[in-house]
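So the structure is just underneath, and the comments pick up after that.
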Amino acid sequence: MKIEADTAAADTADTVLCAVEGRTGVITLNRPRALNALTHPMVLRIAEALTGWERDPGVEQVLIRGAGDRGLCAGGDIRAIHDDAKAGTRASAAFWRDEYRLNAYIARYPKPYVALMDGIVMGGGVGVSAHGSVRVVTGRSRVAMPETGIGFVPDVGGTHLLARAPGLLGTHLALTGSAVGAADALLCGLADHFVPADRLPELTAELAGAPAREVLGRYAADAGPAALAGARGWIDHCYAAGTVEEIVDRLLGYGEPEAKEAAETILAKSPTALKVTLEAVRRAAALGALEPVLEQEFRVSCNALTSPDLVEGIRAQVVDKDRSPRWSPPTLGEVTEQDVARFFAPLAGDGPGIAAG
């Protein structure tokens, strides 16, 4: 299936349910069998609903949630991106432009934007939730930017979010692609409140009649200790190294089992994606604001379409599911500075940027 912006409106209405419940505009991502993965028409429908509710004085806040019990959203439709990259067409670039514009819009939305980050929240799911003003995680939450495992680079503003995490926790999560639970999501600044999953129906019902700032106080609870808090010593030391190779060497030599495990996880990822990701996170920290970071991510994502690792990574993880990607080049040492720089090169003929949305 290819991503197409002109998919029938009826299909979009089924995959994104929009309704006003009392004072709250409710968006439900409704592809539970696909873990609510985003398509281009879904992104356009969400943006349309937000625009309408921004102008509607009867809507005081917005809530986004996922259908089913497995998660808010597992990301974008990567099978479609695989087909697009393999065919050498440009549907993914159009999708990303509108998706990243939506991410920026959510970040600056003038009304409270409540995201229920229950269950799996990865990739594009982070983009439609973690830029919101009220972000709720549960005991079932698994939040991640796992792109390096498919030969891609964190996007949807993910490098912005990870660059802002305490110390070098964000760099660790970006390179390993590791998923975190509620307490670590709170620690890393990816979420604001912990609410037990079994209380979400009550919370949602109450939000129909009262502002989130009043309601959440009755539901928010202690998420417990954050595992990453105790790992700051080795993470901040190892990930301060200048290159991915040096980071891996530090992790292997640190003498901490978790550090060795992180090194082994990193070494299974795309060498090219790892080096581009490290550079992208560090550049994002220097850029500061979200929109210029999204502009950078758009360049990186579009340039990744011509990288063999993106097609190969999705093939290995999602299409054939053999979990044995053949990266090109296969080692970190073979990825040159010129190879990395290519991902950040300006794009030609792609029309207005993210900030124009």
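The values are calculated or read from the model by the stated rules, or taken from the named source; none is laboratory data. These figures come from a predicted structure and were not determined experimentally. Ideal geometry is used to build each Cβ from the backbone, glycine not excepted, and the neighbour counts take in all protein chains shown. Heavy atoms of the whole protein, side chains included, go into the accessibility calculation; ligands, DNA and RNA do not. Shrake-Rupley method; radii C 1.70, N 1.55, O 1.52, S 1.80 Å.
For region 16-36, a residue qualifies if it is open to solvent by 10 Å² or more (accessible area, probe 1.4 Å) and not in a strand (DSSP E or B), and the qualifying residues are GLY22, ARG23, ASN30, ARG31, PRO32, ARG33, ALA34, LEU35.
Pairs meeting the criteria (first residue in region 249-269 and touching a residue at least 12 places away in the same chain (Cβ under 8 Å), second residue of a type in the set (Gly, Ala, Ser) and surrounded by fewer than 18 Cβ atoms within 10 Å (Cβ to Cβ), beta carbons under 6 Å, at least 6 apart or on different chains) are ARG250/ALA241.
Please determine, by comparing only the residues of region 53-68 that are open to solvent by less than 40 Å² (accessible area, probe 1.4 Å) and either free of Cβ contacts under 8 Å to residues at least 12 places away in the same chain or assigned to a strand (DSSP E or B) (or both), which one is nearest to THR39 (Cα to Cα). Across region 53-68, the extreme among qualifying residues is GLY66. Do you know which residues across region 171-204 are free of Cβ contacts under 8 Å to residues at least 40 places away in the same chain and either under 30 Å from VAL281 (Cα atoms) or among the charged types (D, E, K, R) (or both)? Of everything in region 171-204, those that are free of Cβ contacts under 8 Å to residues at least 40 places away in the same chain and either under 30 Å from VAL281 (Cα atoms) or among the charged types (D, E, K, R) (or both) turn out to be LEU173, GLY189, ASP198, ARG199, GLU202. Considering only residues in region 279-297 that are among the small types (Gly, Ala, Ser) and either in contact with an Asp or Glu (Cβ under 7 Å, 6 or more places away or on another chain) or crowded, with 21+ Cβ neighbours inside 10 Å (or both), the one that is farthest from LEU162 (Cα to Cα) turns out to be ALA280. Screening ASP98, ASP84 for residues that are open to solvent by 30 Å² or more (accessible area, probe 1.4 Å) and assigned to a helix (DSSP H, G or I) leaves exactly one candidate, ASP98. If I filter region 185-218 down to residues being touching a helix residue (DSSP H, G or I) at 6+ places or on another chain (Cβ under 6 Å) and over 19 Å from VAL143 (Cβ atoms), which single residue comes out as surrounded by the fewest Cβ atoms within 10 Å (Cβ to Cβ)? Looking at residues that are touching a helix residue (DSSP H, G or I) at 6+ places or on another chain (Cβ under 6 Å) and over 19 Å from VAL143 (Cβ atoms), I get GLU206. For region 239-255, give me each residue that is touching a His at 6+ places or on another chain (Cβ under 8 Å) and open to solvent by less than 20 Å² (accessible area, probe 1.4 Å). Across region 239-255, the qualifying residue is only TYR239. For the structure I just gave you, tell me whether ALA174 is of a type outside the set (Val, Ile, Thr), in a helix (DSSP H, G or I) and open to solvent by 10 Å² or more (accessible area, probe 1.4 Å). Answer is no for this residue. Condition test on GLY151, is it over 14 Å from the mean Cα position of the chain (by Cα), open to solvent by less than 10 Å² (accessible area, probe 1.4 Å) and under 21 Å from VAL340 (Cβ atoms)? Criteria met by GLY151. Could you say whether any residue in region 69-81 is surrounded by 17 or more Cβ atoms within 10 Å (Cβ to Cβ) and closer than 17 Å to CYS18 by Cβ? Yes, some residue in region 69-81 is surrounded by 17 or more Cβ atoms within 10 Å (Cβ to Cβ) and closer than 17 Å to CYS18 by Cβ. A count restricted to region 256-278 and to residues that are more than 13 Å from THR148 (Cα to Cα) and open to solvent by 40 Å² or more (accessible area, probe 1.4 Å) stands at 6. Screening VAL318 against (1) within 27 Å of ARG164 (Cβ to Cβ); (2) within 20 Å of the chain's Cα centre (by Cα); (3) not polar (S, T, N, Q) leaves a single unmet condition, (1).
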